[in-house]
Amino acid sequence: MAASLRSPGWYRAAFSMAIGWVVAFVLVTGLRLILGWQQEISWESITTVSLITVPVAFLYGIGCMDYWLYWLSGKPTKVDDHADHGARKWQDYFHFNTDHKVIGIQYICTTFFFFLIGGMLAMVFRAELIAPGMQFVDAQTFNGLFSSHAALMIFLFMVPVFAGIANYVLPLMLGAPDMAFPRLNALSFWFLPIAGVMMCLSFIVPGGAFATGWTAYAPLSMNAPMGQTFFSIAAQFAGSSSILTAINFLVTIITMRAPGMTFWRMPLLGWANFATSLLVVLATPFVAGSQFMILFDRALGMNFFDAAQGGDSVMYQHVFWFYSHPAVYIMVLPGFGIISEVISTHARKPVFGYRMMAFSLLAIIVLGFAVWAHHMFVAPMQNWIRIPMMLTTMLIAVPTGVKVFSWLGTMWGGVIHMRTPMYWAFGFITMFVLGGISGVMLAVVPFDIAVSDTYFVVAHFHYVLFGGSLFTIFAGIYHWFPKMTGRMYNESLGKWHFWLTFISFNGTFGPQHLVGLEGMPRRVADYAEQFAAWNMFISISSFVLGASVLIFLYNMIYSWRSGPIAPANPWHAHTLEWQVSSPPPMFNFDEVPTVVGHPYEYGVPGARHGIFKEPEPVVATVGAPAEETVAEGATGADDTSSTDGDA
Amino acid sequence: MKASHRIVGIVGAILATAALIVFTIEYDWMGTLIADDMEPIDTVYRALTIASIPFFIIICAILAFCLVEFRAKPEDDDEKDGAPFHGSTKIEIVWTIIPTIVVMALGLYAWTVLDKVEAAQPNSMTIKVIGQQFAWNYQYPEQDIKTGGDLVVPVNRPLYFEMTSADVIHSFYVPSARVKRDVADGFTTRIRFEPNKLGSYPIVCTELCGIGHATMRSTLRVVTPAQFTAWVAAQKSAKAPKPTGANTDPQTWPGAFKNSESSK
């Protein structure tokens with residue numbers, strides 16, 4: 001028992017969490033005693049402080065900090081020979097591990113777990129909305145349900161699931177043995193369950209779950225019940241997780257590409273994650289800031305947003321949307337990368353306009369910073385600012401359109417294999433174009449004034465995030481399933497999953513455009529009789545949509561356990577991750593691959609992307625630029641083995 | 001693919017485009033419009049939809065064509081590749097420039113519409129709107145009236161609203177006039193419109209404001225000038241004793257408070 005309390009793991013985590021809570025109790029109560037407050041014990045203050053101390057204690061207990069603490073205290077650190085890499089049995093996924101492949105699976109499974117919870121919350125409030133009046137839950141619970149639905153889907157699913165897929169696939173694609181900072185990578189994963197559990201726990205505290213939307217607009221959130229504090233702090237953990245992962249991706253992409261892989265020979269998933277990570281690093285501190293301000297207003301009475309005390313409630317919206325609009329791109333750009341891989345591979349064609357695909361990603365992230373106030377066209381801000389924000393928002397349609405057209409160009413003249421990932425890619429293009437169209441419409445100020453904060457907006461962002469992002473996630477999961485698990489998924493179940501989702505998705509979110517245009521506000525527990533028929537239809541479709549996820553789950557679990565053994569390269573793709581066994585060896589590549597060409601040279605006679613032998617000594621006849629690249633890449637690869645150790 | 005199939009496909013796409021455009025023009029998307037000067041907003045919606053239809057149909061048609069024409073045949077080797085072309089600078093320039101022109105043109109058009117629908121009108125009647133959890137209060141400075149009841153206004157007179165909030169942020173939305181603006185403590189926001197149709201129309205709050213958000217509704221009653229004068233007189237005589245509160249008109253919002261106890 002004592003030994004299990006000393007070594008990292010769940011026992012030590014539980015024990016140190018209890019200590020963490022006692023620390024919070026002593027700290028708060030002690031301070032109140034010393035300062036002579038009348039009421040010494042304030043459970044709300046203790047809970048607020050323990051929301052920080054208990055998770056930190058958990059991170060220590062599970063083992064995220066062992067190496068750093070040993071190093072910090074001058075003790076000999078454990079020699080990191082990566083002997084604990086890889087997962088040998090399923091229990092290994094529940095322990096601290098620095099292998100990017102294990103972390104990738106941990107990420108994907110955790111985020112899908114919270115996706116299921118978020119989906120079930122949606123089922124409950126769609127049941128409530130099946131008819132006007134109140135059916136099953138009261139108004140406060142309803143507000144809590146849709147707020148946690150959005151918060152879980154955004155912070156615990158959309159943003160991190162892409163990080164999970166990239167965590168698994170990207171180092172393999174780049175020809176790297178792991179991410180640049182494996183311990184940081186593990187830490188950023190373990191932030192996630194903390195954030196998710198904290199958001200879910202808010203349902204059981206007095207006053208119920210946070211009920212101010214995922215936007216948590218001040219001043220409503222300042223005086224909301226305690227659940228709001230859970231959201232504010234959970235958002236910090238989720239945000240820290242994505243910032244740390246983004247730094248990790250940036251360093252990995254910049255320094256750990258295989259010899260010969262120049263930026264212009266990098267697969268588009270690498271480009272997509274490069275662009276996304278830039279966005280995360282620059283934007284996410286703003287949402288952290290906005291939630292800290294809310295927390296400080298609530299806990300310490302800072303009055304940032306209280307007009308009566310000279311505060312400014314609209315400032316909150318600016319800071320919040322300065323992150324949360326780029327967040328929309330954080331939630332879809334990696335999907336663009338996935339779709340480029342999927343279409344090129346399954347249509348067996350080079351990506352059309354590869355460089356423009358990369359440039360359009362960069363154009364989107366630059367423009368993405370200049371559009372945030374389009375969420376605030378009806379908010380109290382200067383009228384003139386709406387015009388430039390409208391024009392920049394509409395301009396984003398241009399690089400996005402370039403990507404859509406290039407995907408069509410990639411398919412044109414190909415040999416299209418209609419496997420499950422390709423179904424999702426087709427579904428993605430059509431649904432995402434619809435979401436993009438309603439997005440351009442919402443950018444138009446006079447129209448936005450009429451439909452802002454109605455169900456039209458709800459329909460729009462579900463077409464973008466569900467029909468857009470989630471479809472790319474499904475495409476990516478099916479596409480890399482053989483690589484991750486070493487098993488093939490079931491094609492016909494995959495197609496059933498697609499068709500059921502595609503149809504019920506349109507049944508759920510299509511009619512929301514109509515009720516929104518007619519003036520049904522969003523985030524309401526009750527609505528006028530005129531919207532009753534459509535809402536019943538929407539609710540029933542949404543139950544089918546919920547059921548369609550069960551097919552996916554069954555397919556994944558069953559195929560992982562007993563699907564047919566997958567070959568190394570079932571799709572005959574050219575990128576590096578398919579050139580190793582499924583699942584890949586413990587250190588990804590037994591010998592370092594050398595990249596000699598572009599990743600998508602389907603149909604080019606004799607073209608190769610990567611070859612597996614030591615880079616040949618540079619011969620004088622080779623052109624100067626190529627010589628430089630190879631040399632650079634080779635040094636980069638040498639460096640990785642040493643940086644690995646001191647991360 | 002046979003030539004006859006292609007013709008059927010192209011004709012089908014053109015017919016679908018035409019049908020959707022006709023439907024867009026004819027269908028009553030946003031319900032009753034009571035303010036004639038807000039008509040351009042409905043037109044903007046239709047213009048945007050009509051501009052999007054060909055774009056969407058072309059993408060669907062290309063996808064369908066690829067699916068039929070370029071689909072792998074059962075006899076194809078798994079490693080058979082498509083044609084190795086990598087792009088075309090000309091096409092890429094075309095599909096960058098054309099959408100840029102289209103969205104910028106639509107943006108400039110929307111700008112002129114915005115200026116038009118928000119332009120101040122002479123002889124406007126000012127009404128102050130104060131949002132509070134969970135009711136709308138109105139003040140008529142010209143008539144010196146305060147009410148928490150219906151928003152009663154005379155027909156064919158331009159209205160000018162100066163709005164603020166007593167607590168959290170709300171949003172004042174009149175669907176039948178296509179106008180909406182947030183109200184926030186510490187700010188005064190302004191909207192305008194001119195009602196041209198008699199009758200009762202819903203007013204709703206569209207910014208999440210707490211437990212009673214869903215039922216924070218009010219009614220806009222557009223009446224004749226004579227009725228308005230009578231209503232003003234009645235309000236003035238009943239001013240002192242009558243306590244005001246959130247009002248609901250069961251005819252406008254049937255079912256609104258069906259179970260209001262549970263939502264309180």
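Only the coordinates and a few stated rules stand behind these numbers; no lab work does. Computed from a prediction, not measured in an experiment: that's the story for all the values here. In this analysis, Cβ positions are derived from the backbone assuming ideal geometry, glycine residues included, and neighbour counts consider all displayed protein chains.
Across region A:96-239, the relative contact order, built from alpha-carbon pairs under 8 Å that are at least six residues apart, equals 31 percent. Our coupling estimate for region B:126-141, obtained by passing each phi through the Karplus curve with A = 6.51, B = -1.76, C = 1.60 and θ = phi - 60°, is 8, 10, 9, 10, 10, x, 8, 5, 10, 8, 9, 10, 10, 10, 10, x Hz, Gly and Pro reported as x. Please find the FRET efficiency linking A:LEU362 to A:VAL124, where r is the Cβ-Cβ separation and R0 is fixed at 51 Å, and quote it to the nearest 0.05. For R0 = 51 Å, the calculated efficiency reads 0.80.
With contacts taken as Cα pairs under 8 Å and at least 6 residues apart, chain A reaches a relative contact order of 15 percent. Of the residues A:ILE364, A:TRP384, A:SER492, the one whose Cα sits farthest toward the positive end of the charge dipole of region A:90-562, with +1 on the Cβ of Lys and Arg and -1 on the Cβ of Asp and Glu, is A:SER492. For region A:477-488, the Karplus equation 6.51 cos²θ - 1.76 cosθ + 1.60, evaluated at θ = phi - 60°, returns couplings of 5, 5, 5, 9, 3, x, 5, 6, 10, x, 10, 8 Hz by residue, with Gly and Pro reported as x.
Remark on B:LEU159: its backbone amide H falls under 5 Å from those of B:MET125, B:PHE193, B:GLU194, a criterion applied only to residues 5 or more positions apart or on other chains, H modelled at 1.01 Å from N. For B:PHE187, the amide hydrogen comes within under 5 Å of the amide hydrogens of B:SER165, counting only partners 5 or more places away or on other chains and with H modelled in the peptide plane.
The modelled label-to-label distance for the pair A:ILE565/B:GLU69, using points 7 Å beyond Cα in the direction of Cβ, is 4.3 nm.
For the residue pairs A:LYS403/B:LYS116; A:LYS403/B:LYS180; A:LYS403/B:LYS2; B:LYS128/B:LYS236; A:LYS101/B:LYS73; A:LYS349/A:LYS483, alpha carbon separations beyond 26 Å are given by A:LYS403/B:LYS116; A:LYS403/B:LYS180; A:LYS403/B:LYS2; A:LYS101/B:LYS73. Mind checking the angle between helix B:89-118 and chain B's longest principal axis? C-alpha axes, 0 to 90 degrees, to the nearest 10. So the inclination is approximately 10 degrees. Can you classify the protein assembly as shown as rounded, prolate or oblate using the Cα gyration tensor, where a ≥ b ≥ c are the square roots of its eigenvalues, rounded means a/c under 1.5, and otherwise it's prolate if a/b beats b/c and oblate if not? It is oblate, given that a/c is not under 1.5 and a/b is not larger than b/c. Mean per-residue shielding of peptide B:170-183 is 5, counting Cβ atoms of other chains within 10 Å of each Cβ. Stretching the chain fully between A:ASP84 and A:LYS495 yields a gain of 144.2 nm (0.36 nm per residue, less the alpha carbon separation).
Net length available on complete extension from B:TRP29 to B:ARG6 is 4.9 nm, with 0.36 nm assigned per residue and the Cα-Cα distance removed.
Taken along the Cα-to-beta-carbon direction at a fixed 7 Å, the label points for B:LYS236 and A:MET536 span 5.0 nm.
Would you work out the charge dipole size for region B:125-253 about its Cα centre, treating the Cβ of every Lys and Arg as +1 and the Cβ of every Asp and Glu as -1, and quote it to the nearest 20 debye? Mind dumping the intermediate values first?
Values: 14 positive and 10 negative charges, 62 e Å.
Result for region B:125-253 is approximately 300 debye, rounded to the nearest 20.
Summing +1 for each Lys or Arg and -1 for each Asp or Glu among the other residues whose beta-carbon sits under 10 angstrom from that of A:HIS374 gives 0. Derived scalar couplings between HN and Hα for region A:97-114 equal 8, 9, 6, 4, 6, 5, 4, x, 5, 4, 4, 5, 5, 4, 5, 5, 4, 6 Hz in order, rounded to whole Hz, by the Karplus curve 6.51 cos²θ - 1.76 cosθ + 1.60 (θ = phi - 60°), x for Gly and Pro.
Tell me, what is the FRET efficiency for B:ILE58 and A:LEU33 to the nearest 0.05, using R0 = 60 angstrom and their Cβ-Cβ distance as r? Please report the intermediate quantities before stating the final value.
On the way: r = 73 Å, r/R0 = 1.21.
Plugging the Cβ-Cβ distance into 1/(1 + (r/R0)^6) gives 0.25.
Ignore the peptide's own chain and count Cβ atoms of other chains within 10 Å of each Cβ in B:99-107; give me the average, rounded. Provide the component values of the computation, followed by the final result.
Details: counts 11, 5, 1, 5, 12, 4, 1, 7, 11.
Other-chain Cβ atoms within 10 Å of each residue's Cβ, averaged: 6.
Cα axis of helix B:3-26 to longest principal axis of chain B: angle in degrees, 0 to 90, nearest 10? Relative to chain B, helix B:3-26 is tipped by roughly 10 degrees. Take the Cα of B:ILE97, step 7 Å toward its Cβ, do the same at A:ILE503, and the gap between the two points is 4.5 nm. Taking a ≥ b ≥ c as the square roots of the eigenvalues of the Cα gyration tensor, an a/c ratio below 1.5 marks region A:90-562 as rounded.
Between A:LEU72 and A:SER4, what is the FRET efficiency for a Förster distance of 25 Å, r being their Cβ-Cβ separation, to the nearest 0.05? Intermediate values should be presented prior to the final figure.
On the way: r = 24 Å, r/R0 = 0.95.
Computed FRET efficiency for A:LEU72 and A:SER4: 0.60.
Here's the picture: a label point sits 7 Å out from the Cα of A:TYR554 along the beta-carbon direction, and within region A:489-509 the residues with their amide nitrogen under 18 Å of it are A:489-504.
In region A:2-72, Cα pairs under 8 Å separated by at least six residues give a relative contact order of 45 percent.
Computed over chain A, the per-residue total of -39500 (n - 2.57) for DSSP H runs of n ≥ 4 gives a 222 nm mean residue ellipticity of -21500 deg cm²/dmol, rounded to 500. For every helix of n ≥ 4 consecutive DSSP H residues, a contribution of -39,500 (n - 2.57) applies; sum these over chain B, divide by its total residues, and give [θ] at 222 nm rounded to the nearest 500 deg cm²/dmol. Value at 222 nm, helices only, nearest 500: -13500 deg cm²/dmol.
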